[in-house]
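Chemist: What follows is a single structure, and I will ask about it in a moment.
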There are 2 protein chains.
Amino acid sequence: MTVISVKKSVTDANDRVAQVLRTQFLSHGIWVLNLISAPGAGKTALIEKTIEGLGSDFGIGVIEGDPHTCLDSDRIHRAGAEAIQINTRGGCHLDAIMIENALGKIHLPDIDLLFIENVGNLLCPAVWDLGQDCTAVVSSLTEGGDKPFKYPDTFARADLLLINKMDLLPHLPGSASLLKPNALKIHPGLTVFEISCTNGTGLLQWYDWIRTKVEQRQKTGGCRA
Amino acid sequence: MTVISVKKSVTDANDRVAQVLRTQFLSHGIWVLNLISAPGAGKTALIEKTIEGLGSDFGIGVIEGDPHTCLDSDRIHRAGAEAIQINTRGGCHLDAIMIENALGKIHLPDIDLLFIENVGNLLCPAVWDLGQDCTAVVSSLTEGGDKPFKYPDTFARADLLLINKMDLLPHLPGSASLLKPNALKIHPGLTVFEISCTNGTGLLQWYDWIRTKVEQRQKTGGCRA
């Protein structure tokens, strides 16, 4: 008996498209970050702050994934960057074909740094390659320290963890501070930034890190996170 | 040409099993609450607090859904109630068959109030009937006021919204307070509790509401939220 795994077949097809996207990004010297988080962790706020900090130095583009609204792409436009909205009509993740379609609406020679803001969901987006250079998990400190154990696939596949809302630390139970060490148990060596998009904590270090990645891409065309 | 919708067929089959579960719950006089939320909104903390407030009056059982761990069922055991853990192995929602299997491990005559804590995900669980009497969305105030617009299916299908972490209100941007009015725009008439499992805000009203539901079920065998 021959058993065909439909899910594997679908993600294999996705991965082929993602590889074409990756080549396209490389040829245009664009560095691409896929942002994954639970709803309300602060992905859009992080992009707004990055536009504020680096928008005069680099061309920044944003692909916004959302089940239904254009609220986030409206925020990005107001922050001063180009944003393309993908509405998944209730779908729980972005895939490479959606990104391919969105790229048709972006003038790639103007872009140095491309953010892909995935649908707010800590499970489903993790296995879908979008051709990105780097996958970042954004976690709100308020979500609790146990999330790396409960969503290990997402934390293990990520290149980067941004712990947002650090300004709330004095007002949270002590277990909140376990998020970073627990993430490092699931993924030793994971790069971690502790930030607050509200009071600016950690954002200068974040800008430096992103600046280095984008400049490396511009110089060499081949860096990975 | 005949087109068969696989997704509809799967949820139809689920709904049949859910209807059998509903009859079973009714025959045992059990009132059932399905809790849906983003990761870290405080579903487990709410159950712990409800066991603390009502555990001496009612038999409370909990079915815990989690992608991988038993962390939440361990917490429920420590709080003094029976808990059955379902690990979805990365799956993004519970379904009625999972609940049917879990019920085999619970002594139903001992239970008056059954919590089903769904997988932390604000999208996928909404369309899966588990035989519950009531579906509650638990939202953390920190997630931002726009979530009802971004996840309208979940808010529209819910019977109840519990806004948790109200103790953090003084430390959050003003837009956080839009969560309740925005939820009522998506679902006029939705029952809303504003609570904090940290400082106890709103929990007495919550206990009264739950107590009424469970007592109605015990008396009449047929109430719905």
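Readers should treat all values here as calculations from the given coordinates under stated rules, not as data from a laboratory. From a predicted model like this one, the values you see are computed outputs, not experimental measurements. A quick note on method: Cβ atoms are made from the backbone with ideal geometry, for glycine too, and the neighbour counts reach across all protein chains shown.
Chemist: So, by mean Cβ neighbours within 10 angstrom, what's the order for A:72-80, A:44-52 with the highest one leading?
Modeler: Ranked from most to least packed, the peptides come out as A:44-52, A:72-80.
Chemist: Which order, highest average first, do B:16-23, B:55-62 follow once you tally other Cβ atoms within 10 Å for each residue and take the mean per peptide?
Modeler: My ranking of the peptides, most packed first, is B:55-62, B:16-23.
Chemist: Give me the distance between the Cα centres of the stretch A:38-78 and the stretch B:47-72, rounded to whole Å.
Modeler: The stretch A:38-78 and the stretch B:47-72 have Cα centres separated by 38 Å.
Chemist: Pick from B:G144, B:G120, B:G104: which residue has the top mean-square fluctuation in a GNM of chain B where Cα pairs under 10 Å get a spring?
Modeler: Per the Cα network of chain B with a 10 Å cutoff, B:G104 tops the list.
Chemist: Averaged across A:38-47, how many Cβ atoms of other chains sit within 10 Å of each residue's Cβ atom?
Modeler: Counting other chains' Cβ atoms within 10 Å and averaging over A:38-47 gives 6.
Chemist: Please average, across the residues of A:64-73, the number of beta carbons from any other chain that are within 10 Å of each residue's own beta carbon, and give a whole number.
Modeler: Whole-number average of other-chain Cβ neighbours for A:64-73 is 3.
Chemist: Along the Cα→Cβ direction, 7 angstrom out, place labels at B:S27 and B:Q218. What is the inter-label distance in nm?
Modeler: According to this spin-label approximation, the distance is 2.2 nm.
Chemist: Mind jotting down the distance between the C-alpha centroids of the stretch A:95-115 and the stretch B:166-202, whole Å?
Modeler: 37
Chemist: Something else: Find the Cα radius of gyration of the stretch B:12-224, compare it with 2.2 N^0.38 Å by division, and give the number to two decimals.
Modeler: Computed over Cα atoms of the stretch B:12-224, the ratio equals 0.96.
Chemist: Over the protein assembly as shown, what per residue volume does the convex hull of the Cα atoms give, in whole Å³?
Modeler: Taking only Cα atoms, the protein assembly as shown has a hull volume of 165 Å³ per residue.
Chemist: Say we join alpha carbon atoms closer than 10 Å with springs in a Gaussian network model of chain B; which of B:P148, B:P125, B:P39 then has the biggest fluctuation?
Modeler: B:P39
Chemist: Moving on. Suppose we take every Cα in the stretch B:128-204 and form the convex hull; what volume per residue is that in Å³?
Modeler: Per residue, the Cα convex hull of the stretch B:128-204 comes to 94 Å³.
Chemist: Among A:G59, A:A156, A:I99, pick out the residue whose Cα is farthest towards the positive end of the charge dipole of chain A, where Lys and Arg carry +1 and Asp and Glu carry -1 on C-beta, about the Cα centre.
Modeler: Of the candidates, A:A156 comes out farthest on the positive side.
Chemist: Shifting gears a bit: Quick check for me: using +1 on Lys/Arg Cβ and -1 on Asp/Glu Cβ, what's the dipole size of the stretch A:12-224 about its Cα centre, in debye to the nearest 20?
Modeler: My answer is approximately 360 debye.
Chemist: Which of B:F115, A:A18, B:S37 sits closest to the plus end of the dipole of the protein assembly as shown, meaning its Cα is farthest towards the positive end, when Lys and Arg get +1 and Asp and Glu get -1 on the C-beta?
Modeler: A:A18
Chemist: Using the structure shown, list the pairs from A:K180/A:K219; B:K8/B:K165; A:K43/A:K185; B:K105/B:K219; B:K49/B:K147 with a Cα-Cα distance above 28 Å, or answer none.
Modeler: In this structure, A:K180/A:K219; B:K8/B:K165 lie more than 28 Å apart at Cα.
Chemist: Next question, about the same structure. Give me the distance in nm between label points sitting 7 Å out from Cα along the Cα-to-Cβ direction at B:D15 and B:K105, one decimal.
Modeler: Inter-label distance under the simple model: 3.0 nm.
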